[in-house]
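In what follows, a single structure is set out as structure tokens and then discussed.
The values are calculated or read from the model by the stated rules, or taken from the named source; none is laboratory data. From a predicted model like this one, the values you see are computed outputs, not experimental measurements. Cβ placement follows ideal geometry from the backbone for every residue including glycine, while neighbour counts extend to all protein chains displayed.
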Amino acid sequence: MAVPPSTISARSAAFHAFLRGARQHPTASDASTVSDFLSRTPELASLQEEETGKSPLMAAAEIPSLHLLETLLAAGAPWNAVDRRGRCAGDYAVAAGSQECVDLLVEAGTKAELLLSASGRLDKASLPATVVEAGESDAVGYQPCTKPDYLSGGVRYDGDSLLDEDDDAVMMEWERPLMSLHADVITSDEKGKRVLNVGFGMGIVDGYLAGKEPGHHTIVEAHPGVHEKMVKDGWTEKANTTVLFGRWQDVIKDIPDHSL
Ligand SMILES: C[S@@+](CC[C@H](N)C(=O)[O-])C[C@H]1O[C@@H](n2cnc3c(N)ncnc32)[C@H](O)[C@@H]1O
């Protein structure tokens, strides 16, 4: 149903005022004002600027303001929305140099993913919007956790991100601290372990795993573009390393029994 023009301009104006306010008033007391505002107009938390794709969450991360991030996440702001350049709030927090904001966003994303998989709510209607026009319409795009045609589409490495052909992020540099912790946990921070990673992405976790000098390192990757990058970067020639190209569901049987 079309939104009446008066509502469009009112909502758009409110959204831009909200973004300006967030930039100018990043403190705890202002967060409670923002919270009051959001309780009256909750949809503001998930709108994005039409031109830039910037969301209030990104604006809060850019400041960076932990209080505003907490307030917006509590109001349902989607943690995984991306702007027109493919950057999410986590990228803004990295650029702002705020590890505590990055950690908060990682925690929010982890909780959301766990809840979604636990409840099996993977239909489009239940997923957060990735791009929403400010004041013009409701959500213009939804992104399921896994795109059915991802493996047959293109990917590209763009500085600090790996993007799919829709310019949605597959992996981002701000996830590095989490990958480092994964490598510590997987190896118990010891050398000589036999390790397996499914999904090379940007090779961040594999870089950390390789740094643990594993007894053997197996990497499974299904995307041709990502595999090409692995070949280019020498991963297929690396000592003590096996790269299996294909979906893990298909190639897992090629890993010798008891080798891990
Ligand atoms: C989020 S990225 C992994 C990022 C990686 N942990 C890092 O540190 O950079 C997911 C990767 O899994 C790959 N992938 C997706 N589906 C797969 C499947 N069924 N089997 C193997 N790899 C898959 C994708 O191509 C992508 O490279």
task: Considering every residue within the stretch 213-233, establish whether at least one is crowded, with 20+ Cβ neighbours inside 10 Å, modelled with pLDDT of 95 or more and either among the aromatic types (Phe, Trp, Tyr) or within 16 Å of the chain's Cα centre (by Cα) (or both).
output: no
Residue within the stretch 193-208 that is surrounded by fewer than 16 Cβ atoms within 10 Å (Cβ to Cβ) and over 20 Å from the mean Cα position of the chain (by Cα) present: yes
- request: Go through (1) modelled with pLDDT under 90; (2) assigned to a helix (DSSP H, G or I); (3) more than 14 Å from the ligand (Cβ to nearest atom) and name the single condition GLU113 misses.
  value: (3)
task: Return the residue satisfying two criteria in turn: it lies in the stretch 146-156 and is in contact with a strand residue (DSSP E or B) (Cβ under 8 Å, 6 or more places away or on another chain) and within 11 Å of the ligand (Cβ to nearest atom), and of such residues it is farthest from ASP103 (Cα to Cα).
output: GLY153
message: So VAL170 passes all but one of these: (1) surrounded by fewer than 15 Cβ atoms within 10 Å (Cβ to Cβ); (2) within 28 Å of ARG85 (Cβ to Cβ); (3) modelled with pLDDT under 95; (4) not basic (Lys, Arg). Which condition number does it fail?
response: (1)
message: Whether any residue in the stretch 183-192 is surrounded by 18 or more Cβ atoms within 10 Å (Cβ to Cβ), of a type in the set (Lys, Arg), more than 10 Å from the ligand (Cβ to nearest atom) and not in a strand (DSSP E or B) is what I want to check.
response: no
field: Sole exception among (1) farther than 16 Å from ARG87 by Cβ; (2) surrounded by 13 or more Cβ atoms within 10 Å (Cβ to Cβ); (3) modelled with pLDDT under 90 for ALA125, by number
entry: (2)
Test: residue in the stretch 227-244 that is within 29 Å of ALA89 (Cβ to Cβ), near the ligand (Cβ under 8 Å from one of its atoms) and either out of contact with any His (no Cβ under 8 Å at 6 or more places or on another chain) or not assigned by TED's automatic domain parsing to the domain that holds ALA96 (or both): no
- request: Any chance you could count how many residues in the stretch 131-156 are surrounded by 14 or more Cβ atoms within 10 Å (Cβ to Cβ), among the hydroxyl-bearing types (Ser, Thr, Tyr) and modelled with pLDDT of 90 or more?
  value: 1
task: Could you list, in sequence order, all residues of the stretch 166-182 that are within 11 Å of the ligand (Cβ to nearest atom) and outside any helix (DSSP H, G or I)?
output: ALA169, VAL170, MET171, MET172
- request: Mind listing whichever residues of the stretch 84-100 are over 14 Å from the mean Cα position of the chain (by Cα) and buried (at least 20 other Cβ atoms within 10 Å of the Cβ)?
  value: SER98
task: Find all pairs meeting these conditions: Cβ atoms under 7 angstrom apart; at least six residues apart or on different chains; first residue within the stretch 208-235 and touching a residue at least 60 places away in the same chain (Cβ under 8 Å); second residue of a type in the set (Gly, Ala, Ser) and within 11 Å of the ligand (Cβ to nearest atom).
output: ALA222/GLY246; VAL226/GLY201
